[in-house]
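The values are calculated or read from the model by the stated rules, or taken from the named source; none is laboratory data. Everything numeric here is computed off the predicted structure, so don't read it as measured data. Quick reminder, even Gly has a Cβ in these numbers, built from the backbone with ideal geometry, and neighbours come from all protein chains shown. With ligands, DNA and RNA removed, areas are computed over all heavy atoms of the protein, side chains included. Shrake-Rupley method; radii C 1.70, N 1.55, O 1.52, S 1.80 Å.
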Amino acid sequence: MTDRRAQLAANLAQVEERIAAACAAAGRKRSEVTLIVVTKTYPASDVRLLSELGVRHVAENKDQDAAPKAAECADLPISWHFVGQLQTNKVRSVASYADVVQSVDRAKLVTALSTAAVRAEREIGCLIQVALDAESGERGDRGGVAPDGIEELAAKVAEAPGLRLDGLMTVAPLAGPYAGRQQAAFERLMEFSSSLRATHPAANMVSAGMSADLEQAVAAGATHVRVGTAVLGVRPRLR
């Protein structure tokens, strides 16, 4: 355990250096960017170590892994983010522990999340996941709403009991005009964020960038980066 703690501390320090350098290069304050550590496939013991090391935000993408882990770590001062594609039959479980759902991409999901949040007497932050590779009116392979659907879906979240519209999220697309152009993709997301804030000023969270492209996300203006491998190492297969 001690060895693992030292490994995580060293990896966190390297990621911190990268974020700080990216902020400096972009003329931004380090405090403007929040690190979310993606702990999917890693045990609750790692979450506990990360908490000891000062991490305050973790993310998961599968409810069957996240729910028991969140329960085991319920005593920690950590915010849980759900970042995976979310099926409506998992919503009630996710609503019991997730502080933020970053993958809201359709009206049916908003309705289900609202019902579950009210039932659990919780307020859940929501990010609209934007599929930058989607044609008009379609969803991308990784989930997400097409850009022309952002405003309508955001309005639905903003009106829904138990939900809070926090902003936008994207994953750098593997296809379409932004494939291999991460910074251009993230800059496009920032344009959508500016438009969204015109009607929803408090929805100022922009979640973009992962281990390989966090610098481009910071340069574009992201407020949150989701880093897994660079902190925790190459993911093991679940036993």
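Conditions (1) under 27 Å from Gly143 (Cα atoms); (2) without any contact (Cβ under 8 Å) to a residue 24 or more places away in the chain; (3) touching a Lys or Arg at 6+ places or on another chain (Cβ under 9 Å); (4) part of a loop (DSSP other than H, G, I, E, B), marked per residue:
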position: Ala20; (1), (2), (3), (4): no, yes, yes, no
position: Arg48; (1), (2), (3), (4): no, no, no, no
position: Lys69; (1), (2), (3), (4): yes, no, no, no
position: Val91; (1), (2), (3), (4): yes, no, no, no
position: Val118; (1), (2), (3), (4): yes, no, no, no
position: Leu127; (1), (2), (3), (4): yes, no, no, no
Criterion violated by Ala222 - all others in (1) open to solvent by less than 20 Å² (accessible area, probe 1.4 Å); (2) touching a Pro at 6+ places or on another chain (Cβ under 8 Å); (3) in contact (Cβ under 8 Å) with a residue 60 or more places away in the chain satisfied: (2)
Pairs where the first residue, in the stretch 147-159, is farther than 16 Å from Lys108 by Cβ and the second is of a type outside the set (Gly, Ala, Ser) and part of a helix (DSSP H, G or I), C-beta under 8 Å, 6+ apart: Pro147/Phe192; Ile150/Phe192; Ile150/Leu196; Glu151/Leu196; Glu151/Thr199
Candidate set from the stretch 156-184 (those that are outside any loop (DSSP other than H, G, I, E, B) and either touching a helix residue (DSSP H, G or I) at 6+ places or on another chain (Cβ under 6 Å) or at pLDDT below 95 (or both)); member that is surrounded by the fewest Cβ atoms within 10 Å (Cβ to Cβ): Gln183
